[in-house]
1. Against the definition (modelled with pLDDT of 85 or more and surrounded by fewer than 18 Cβ atoms within 10 Å (Cβ to Cβ)), how does residue 51 come out, yes or no?
2. Scanning for something under 21 Å from residue 198 (Cβ atoms), surrounded by fewer than 22 Cβ atoms within 10 Å (Cβ to Cβ) and touching a residue at least 40 places away in the same chain (Cβ under 8 Å), does the stretch 294-306 turn up at least one residue?
3. Among the candidates 87, 145, 133, 127, single out the residue that is outside the structural domain of residue 41 (by TED's automatic domain parsing) and at pLDDT 95 or above.
4. Restricting to the stretch 233-275, name every residue that is buried (at least 18 other Cβ atoms within 10 Å of the Cβ), touching a strand residue (DSSP E or B) at 6+ places or on another chain (Cβ under 8 Å) and not in a helix (DSSP H, G or I).
5. For residue 105, all conditions in the list (1) more than 23 Å from residue 231 (Cα to Cα); (2) under 15 Å from the mean Cα position of the chain (by Cα); (3) in a loop (DSSP other than H, G, I, E, B) hold save one; what is the number of the exception?
6. Residue 195 is checked against (1) out of contact with any strand residue (DSSP E or B) (no Cβ under 6 Å at 6 or more places or on another chain); (2) at pLDDT 95 or above; (3) surrounded by fewer than 24 Cβ atoms within 10 Å (Cβ to Cβ); (4) in a loop (DSSP other than H, G, I, E, B) and fails just one. What number does that condition carry?
């Protein structure tokens, strides 16, 4: 471990064996916390390469029960950490997609840096957490969506909780969450808190054999496709990738105000979800969900371009198909 620390301090990337050795000791609790903290900070200062992040994500996935299903799955998630405390865009967008026959494997947690986490919102509308792979597949086959509560699948994470709390700064763990979905979806929309992570995370997803995806970061700092500003996007399909800037105004959207997206608690979050679904909310809160659900639909269904995907999602919200479908198994009162 001391040699690993020295290598990082010299600005040299770790190889697969070194990442596996460090994470094996770290996740088992078989390392001095001060040494573990030093290695994590040295890795942060050096900035993890896409290979290092990939090796770490594969170590964590290989240490649990994963399942590469024949189902065509998508996940929408963000790294968090953008300090915006806005509505649960990826969760609401995931629910919208599931009503449109898109199969969603939503991997998430309770609130960490935001006011309300994906787990909190799912719980408020009566959707149970799937505790294992079998339950997750059954949920997807029944209603096109599963919620995989991260702590139920990655139990060894408990061994690094105290170290992460003591450090009180972002480490590689802040970007690993979206990369370790046990169902290994073939498509992904991933939001990041830092523009510098766009290409790193995109290349990791490609190495993970994700078929198509977008890694996004708003000009305003959001780890979503923003409705309030332009968005940096790293998009890939079958290993080919491109970087570009997305402007919602080019697709007929009116720019919104960031402060109108901020929520204070779970009650407000649920109220906004229901309002978007039943048509009583048609402002930037709905539009940001159309953007992210539409972009995800575009990734999932290669017969649609972005403009067609946005239009399709909007139409299905307006004709109440989304609400009528979801109310059959959700508490939308």
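1. When the stated conditions are applied, residue 51 passes them.
2. The answer is yes; a qualifying residue exists.
3. None of the others qualify; the one that does is 145.
4. Those that are buried (at least 18 other Cβ atoms within 10 Å of the Cβ), touching a strand residue (DSSP E or B) at 6+ places or on another chain (Cβ under 8 Å) and not in a helix (DSSP H, G or I): 233, 234, 235, 236, 246, 263.
5. (3)
6. Only one criterion in (1) out of contact with any strand residue (DSSP E or B) (no Cβ under 6 Å at 6 or more places or on another chain); (2) at pLDDT 95 or above; (3) surrounded by fewer than 24 Cβ atoms within 10 Å (Cβ to Cβ); (4) in a loop (DSSP other than H, G, I, E, B) is unmet by residue 195, namely (1).
Conditions tested, residue by residue: (1) at positive phi; (2) surrounded by 18 or more Cβ atoms within 10 Å (Cβ to Cβ); (3) under 26 Å from the mean Cα position of the chain (by Cα).
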site	(1), (2), (3)
9	no, no, no
29	yes, no, no
63	no, no, yes
67	no, no, yes
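The values are calculated or read from the model by the stated rules, or taken from the named source; none is laboratory data. Owing to the predicted nature of the structure, the values given are computational and were not obtained by experimental measurement. With ideal geometry, Cβ positions are generated from the backbone for all residues, glycine too; neighbour counts draw on all protein chains shown.
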